[in-house]
Amino acid sequence: MVCLITGSSRGLGKAIALALGKRGHQIVVHYKGREKEAEDVASCIGKSVVLRADVRVFDEVRVLVDEVIKKWGRIDVLVNNAGVTREALLLKTSEKDFDEVVDTNLKGPFNFIHAVAPFMTEKKGGHIINISSIAGLKGKAGLPAYSASKSGLIGLTMSAASELSVYDIMVNAVLPGYLLTDMGRSSSDKAKGIALKDSLVKDFSNTDNVVEFICYLSETKGITGQVFNLDSRIL
Ligand SMILES: NC(=O)c1ccc[n+]([C@@H]2O[C@H](COP(=O)([O-])OP(=O)(O)OC[C@H]3O[C@@H](n4cnc5c(N)ncnc54)[C@H](OP(=O)(O)O)[C@@H]3O)[C@@H](O)[C@H]2O)c1
């Protein structure tokens with residue numbers, strides 16, 4: 001399978017790219033700013049290509065997808081993983097920060113689905129996995145833009161699943177729980193403390209579990225329009 005994982009230069013995306021690569025799939029390692037890290041990820045994978053695009057920019061995404069199609073002729077799995085967060089109370093959130101988070105976490109997946117789905121449609125199959133968050137279901141204080149973007153991504157998942165099931169394209173959302181990636185580590189001590197307190201197992205999430213689940217899901221047929229919560233915090 002040809003698998004495109006957005007934001008796979010580091011964090012969860014890197015772990016997904018490495019795991020799918022280990023399973024023998026062709027991997028598109030995608031990044032925005034960290035080219036060296038992306039090249040390092042690709043060097044651990046047999047069949048891979050490293051491509052840059054700002055997920056917020058419709059035309060950059062289109063060019064990237066066209067390059068993959070030119071090289072491999074198809075895209076079987078799209079993981080919309082690239083994301084950012086800004087921690088601030090609603091009234092302290094600037095318009096610029098709100099736009100950046102929503103454009104990255106919600107418009108980015110729209111841009112990729114818009115560019116990739118026609119090629120999946122042509123091949124009559126594919127799987128799109130959108131990485132959302134429990135914040136998208138619960139709406140966290142201090143994360144208004146992030147919560148809105150991740151909630152919107154769940155709506156986008158269900159809408160796209162409804163439209164694309166006729167072509168055997170599965171679209172699902174995965175909520176990974178709190179991971180100690182760059183994003184997770186950069187949150188305030190207060191936010192990390194609340195996450196630990198709310199966790200029923202009193203621990204952060206395990207990246208390996210999330211990656212295993214995504215690898216499994218990417219190979220399934222007949223499961224679509226669902227939201228898989230891998231968190232240990234109850235809503
Ligand atoms: N960490 C958590 O606790 C947690 C919990 C739930 C959900 N999630 C979600 O899981 C996903 C991965 O998070 P993570 O923790 O692995 O984050 P991370 O370590 O901060 O990595 C973010 C990735 O997104 C890419 N990226 C950011 N903005 C981009 C843009 N405008 N265009 C293209 N690429 C962009 C980065 O590329 P560069 O390296 O090139 O900048 C990087 O590869 C995100 O969607 C996040 O919201 C994370």
Check your understanding: Tell me, which residue of the stretch 1-26 that is within 18 Å of L180 (Cα to Cα) and polar (S, T, N, Q) is surrounded by the most Cβ atoms within 10 Å (Cβ to Cβ)?
Key -> S8
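Residue-wise test of (1) under 16 Å from the mean Cα position of the chain (by Cα); (2) of a type in the set (D, E, K, R); (3) within 26 Å of V101 (Cβ to Cβ).
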| site | (1), (2), (3) |
| --- | --- |
| C3 | yes, no, yes |
| R23 | no, yes, no |
| V29 | yes, no, yes |
| A42 | no, no, no |
Practice item. Could you tell me which numbered condition S205 fails, if it satisfies all but one of (1) assigned to a helix (DSSP H, G or I); (2) among the small types (G, A, S); (3) touching a residue at least 24 places away in the same chain (Cβ under 8 Å)? Key: (1)
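Restricting attention to the stretch 132-148, which residues are within 8 Å of the ligand (Cβ to nearest atom) and either in contact (Cβ under 8 Å) with a residue 24 or more places away in the chain or not in a helix (DSSP H, G or I) (or both)? Please lay out each step first, then the result.
Pass one, the stretch 132-148, residues within 8 Å of the ligand (Cβ to nearest atom): 132-135, 146.
Matches in the stretch 132-148: S132, S133, I134, Y146.
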Exercise for review: Check the stretch 106-123 and report whether any residue there is in contact with a helix residue (DSSP H, G or I) (Cβ under 6 Å, 6 or more places away or on another chain), of a type in the set (S, T, Y) and within 16 Å of the ligand (Cβ to nearest atom).
Suggested key: no
Check your understanding: Of (1) away from the ligand (no atom under 14 Å from the Cβ); (2) within 16 Å of the chain's Cα centre (by Cα), L200 satisfies all except one. Which?
Key -> (2)
Practice item. Examine the stretch 87-103 for a residue that is of a type in the set (S, T, Y), within 15 Å of the ligand (Cβ to nearest atom) and touching a helix residue (DSSP H, G or I) at 6+ places or on another chain (Cβ under 6 Å), and state whether such a residue exists. Key: no
Revision key, fill the gap. So, first residue surrounded by 13 or more Cβ atoms within 10 Å (Cβ to Cβ) in the stretch 60-73, second residue in a helix (DSSP H, G or I) and not basic (K, R), Cβ within less than 6 Å, six or more apart or across chains; the pairs are V61/N111; V61/F112; V61/A115; R62/A115; V65/A115; V65/V116; I69/F119
Revision key, fill the gap. Of the residues in the stretch 162-189, those that are aromatic (F, W, Y) and either part of a loop (DSSP other than H, G, I, E, B) or surrounded by 22 or more Cβ atoms within 10 Å (Cβ to Cβ) (or both) come to Y178
Practice item. For the stretch 166-189, enumerate the residues that are more than 18 Å from S232 (Cα to Cα) and more than 9 Å from the ligand (Cβ to nearest atom). Key: V166, Y167, D168, I169, M170, V171, N172, S188, D189
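Each value in this text was obtained by applying a stated rule to the coordinates, not by laboratory testing. None of these values were measured; they are calculated from a predicted model. Heads up, the Cβs are rebuilt from the backbone with ideal geometry, glycines too, and the neighbour counts pull from every protein chain shown.
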